[in-house]
Amino acid sequence: MPRPLPSLFVEDTGGNRYNLITQENYEFLRDSYFRYACLLGKEAVHTPGRTFGEGIAKLHEEMEVLVGEDLNVNIEEQNGRLLFWLWKTHCWGVLTLYYFPVKFVEDLNPELRRISITFIHKLMKANGIQTVLDEDDTDYVLTWISEEGSDTAEERRKRLKLLHSYENGRIQALLRRVENRCYYKNLPKALDRYEPQNDYERSLVSAMKEGLDFLSPEHGIMQYSYDPFYEEEPECLPMYLHQQIRVVYDSDDMVTDYLVDYYNSYSRETYDIIPATTLALSPETEKLFCMDDYPERFLQWADKFINIII
């Protein structure tokens, strides 16, 4: 269900409270409603309320009827302005979490390793994807690992070695490298020039060539992140898209296992952010709501690519 109307009053950065339910905001929403009805080629009928607040509530209901059950309508507040916000979620992929492991590059020859690091780097930059480094849940996990005390001396040695590698060692260095290093300006040319040496390399190179479309999108995957049920002070934060799509070192080491456990445990108390297309309306809106298929194509390709590199 779409969230209810915003609070009657909000505070600006200076702590000053101001009323959102004003004649100006009512008229902006009303004119946005009539404008969108015109774009749809439909006749719009509005019943004014006895107050501006009641009129806005009626407009919300009328807009929902206008766009139909296939599309959702929220009212958002931006800098004191109330806006109709149309939104619809995309279809999720096969996986629950899209964790891109980079451990696989360690086993590649130098040229293919540089190509793969460049590819993942460009994929991250184009789509707003982050590594697990510098994330709150990773900090929690590393703290848990450092404090675990029920294992044997050998298990503890391995655990602390892994912890050190994430904090100051080889794993952190690799994750920082894919964050920051780009070895090829012309990656398509480098992929075309490379001669795969075996079936695995052929499948990897093929998947990267297929993924070139996701290195220069109009909108990266994180730009589809929208919280339709946003609250200023929720009891539990939602599971954000950047927590569901990220770069990890290994798909099944202790840190990643704990991150998945943390996600599964915490998500039961809240909800996941699912990629969504949105459209903010105004009295000057010139286009109808329209969805592309970028998230679906991205997630379908990610399923394939991750299954190759795990």
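The values are calculated or read from the model by the stated rules, or taken from the named source; none is laboratory data. Just so we're clear, the structure is a prediction, and the values are computed from it rather than from any experiment. Neighbour counts run over all protein chains shown; Cβ positions are idealised from the backbone, glycine included. Ligands, DNA and RNA are stripped out before the accessible areas are found, and what is left, the full protein with its side chains, is counted by its heavy atoms. Shrake-Rupley method; radii C 1.70, N 1.55, O 1.52, S 1.80 Å.
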Condition set of a type in the set (Gly, Ala, Ser) and not in a helix (DSSP H, G or I), scope segment 132-183, selection farthest from TYR262 (Cα to Cα): answer is GLY169
If a residue has to be open to solvent by 70 Å² or more (accessible area, probe 1.4 Å) and farther than 30 Å from HIS60 by Cβ to count, how many in segment 87-108 make the cut? 4
LEU162 - would you say it is aliphatic (A, V, I, L, M) and either touching a Gly at 6+ places or on another chain (Cβ under 6 Å) or under 13 Å from LEU112 (Cα atoms) (or both)? no
Does ASP303 satisfy the condition of being charged (D, E, K, R), open to solvent by 50 Å² or more (accessible area, probe 1.4 Å) and modelled with pLDDT of 95 or more? no
Those residues that are in a loop (DSSP other than H, G, I, E, B), over 19 Å from the mean Cα position of the chain (by Cα) and of a type outside the set (A, V, I, L, M, F, W, C), I need them from segment 270-310; list them, please. SER282, PRO283, GLU284, THR285, GLU286, LYS287
All positions within segment 229-263 that are within 22 Å of LEU163 (Cα to Cα), open to solvent by 60 Å² or more (accessible area, probe 1.4 Å) and either of a type in the set (A, V, I, L, M) or within 19 Å of the chain's Cα centre (by Cα) (or both): MET254
Write out, first by first residue and then by second, each pair whose Cβ atoms fall under 7 Å of each other, whose residues are 6+ apart or on separate chains, and whose first residue, in segment 45-66, is more than 18 Å from ASN19 (Cα to Cα) while the second is among the β-branched types (Val, Ile, Thr) and surrounded by fewer than 16 Cβ atoms within 10 Å (Cβ to Cβ). LYS58/THR47
With respect to GLU195, is the statement that it is part of a loop (DSSP other than H, G, I, E, B) and over 30 Å from VAL73 (Cα atoms) true? yes
For residues that are of a type in the set (Gly, Ala, Ser) and open to solvent by 10 Å² or more (accessible area, probe 1.4 Å), scanning just segment 209-228, find the one that is nearest to LEU97 (Cα to Cα). SER225
Starting from segment 91-120, take each residue that is free of Cβ contacts under 8 Å to residues at least 24 places away in the same chain and list its partners that are surrounded by 13 or more Cβ atoms within 10 Å (Cβ to Cβ), counting only C-beta distances under 6 angstrom and pairs at least six apart or across chains. ARG113/VAL105
If you go through segment 279-299, how many residues are closer than 22 Å to TYR26 by Cβ and open to solvent by 40 Å² or more (accessible area, probe 1.4 Å)? 2
So, of the residues in segment 126-182 that are within 19 Å of LEU241 (Cα to Cα) and among the charged types (D, E, K, R), which turns out to be least open to solvent (accessible area, probe 1.4 Å)? ASP137
State whether the residues of segment 200-207 include one that is in a helix (DSSP H, G or I), open to solvent by 80 Å² or more (accessible area, probe 1.4 Å) and touching a Pro at 6+ places or on another chain (Cβ under 8 Å). yes
